[in-house]
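Notes to accompany the following structure.
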Amino acid sequence: MLSKRLIACLDVRDGKLAKSIKFVDTKDIGDPVEKAREYYVDGLDELVFYDITASSDKRNIMLDVVEHVAEQVFIPLSVGGGVRNVSDATDLRLAGAEKINVNSAAVKRPELISECAEAIGNQNVVLSMDIRKVEATKELPSGYEMVINGGRTPMGIDALWWALEGERLGAGELVVNSIDADGTRNGYENNLTRMISEAVRIPVIASGGAGKPEHLYDALTEGKADAALVASMVHYGDYRVSELKSYLHDRGVKMRMSW
């Protein structure tokens, strides 16, 4: 059985670490490079870096920030926000990203997933999905809808269908981010995560809503996620990475431990 992963997410706006609740009320809370280094030293498995306004501002990711983070951490670094073509993906790889995240641009032009997978390998292409719960309809039978541009634009696309389509097109991993749970610290949307985890054959990362260690355990067991993504609970100093991994290990979840 493969080890589960703990992943920290750094949402960056104008070069500063930012955090929001349900994708609104965004506040700057620190230096992303300092946080990245802190989490790496404390045993983090992987780091995700999102330039959260690159897509809505119609600009490229700030490569200098990516480079500075890559110089400080020596664990897998996944970067997204504003990736529109293979050139963007290649630039990120050269800046130090091991994986690239596609999101809004892939929803608008799905072939982007295949193009990136062919250029840099399926295992290095992550499809990030921002999802909100809706009433189930003929068009949205799962009851979950894709939203793009940082939670601003609902697309009328069924989230489960898009997860399966992303896998078919060549994504090597999925980030399932619940807009409804984002930043609330009330727990992940485990029904959503489990539904997608059971439908695809590639790893699924649970994202949105972590507030206490029990939430991570639930996502990795009940939600059947391969990894749990955290933000607020470590950014604000409520928990340390090593503390969370020890908790999960002690409860029988296979983790990569540094001791």
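The values are calculated or read from the model by the stated rules, or taken from the named source; none is laboratory data. Predicted model, so just to flag it, every value in this text is computed and none were measured. In this analysis, Cβ positions are derived from the backbone assuming ideal geometry, glycine residues included, and neighbour counts consider all displayed protein chains.
Tabulated values for the structure
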{"quantity": "Residue match in region 191-198 (condition: of a type outside the set (S, T, N, Q) and either free of Cβ contacts under 8 Å to residues at least 24 places away in the same chain or within 18 Å of Ile148 (Cβ to Cβ) (or both))", "calculated": "yes"}
{"quantity": "Matching residues, region 220-259, being assigned to a helix (DSSP H, G or I) and either in contact (Cβ under 8 Å) with a residue 60 or more places away in the chain or more than 28 Å from Asp31 (Cβ to Cβ) (or both)", "calculated": "Leu220, Thr221, Ser232, Val234, His235, Val241, Ser242, Leu244, Lys245, Leu248, His249, Asp250"}
{"quantity": "Test result for Ala136, farther than 20 Å from Ser78 by Cβ, of a type outside the set (D, E, K, R) and either surrounded by fewer than 24 Cβ atoms within 10 Å (Cβ to Cβ) or more than 17 Å from the chain's Cα centre (by Cα) (or both)", "calculated": "yes"}
{"quantity": "Number of positions in region 58-106 that are touching a Phe, Trp or Tyr at 6+ places or on another chain (Cβ under 8 Å), under 25 Å from Met155 (Cβ atoms), at pLDDT 90 or above and not β-branched (Val, Ile, Thr)", "calculated": "2"}
{"quantity": "Members of region 115-133 that are surrounded by 14 or more Cβ atoms within 10 Å (Cβ to Cβ) and either over 16 Å from the mean Cα position of the chain (by Cα) or farther than 20 Å from Phe49 by Cβ (or both)", "calculated": "Glu115, Cys116, Ala117, Ala119, Ile120, Asn122, Ile131, Arg132, Lys133"}
{"quantity": "Per-region count, region 154-186, residues farther than 18 Å from Ala219 by Cβ, assigned to a strand (DSSP E or B) and not charged (D, E, K, R)", "calculated": "4"}
{"quantity": "Hey, Arg132 outside any helix (DSSP H, G or I) and not β-branched (Val, Ile, Thr) or not", "calculated": "yes"}
{"quantity": "In region 95-109, the residues that are farther than 21 Å from Glu71 by Cβ and either surrounded by fewer than 22 Cβ atoms within 10 Å (Cβ to Cβ) or not hydroxyl-bearing (Ser, Thr, Tyr) (or both)", "calculated": "Val102, Asn103, Ala105, Ala106, Val107, Lys108, Arg109"}
{"quantity": "Residue among Leu112, Leu92 that is in contact (Cβ under 8 Å) with a residue 12 or more places away in the chain, over 21 Å from Leu229 (Cβ atoms) and surrounded by 22 or more Cβ atoms within 10 Å (Cβ to Cβ)", "calculated": "Leu112"}
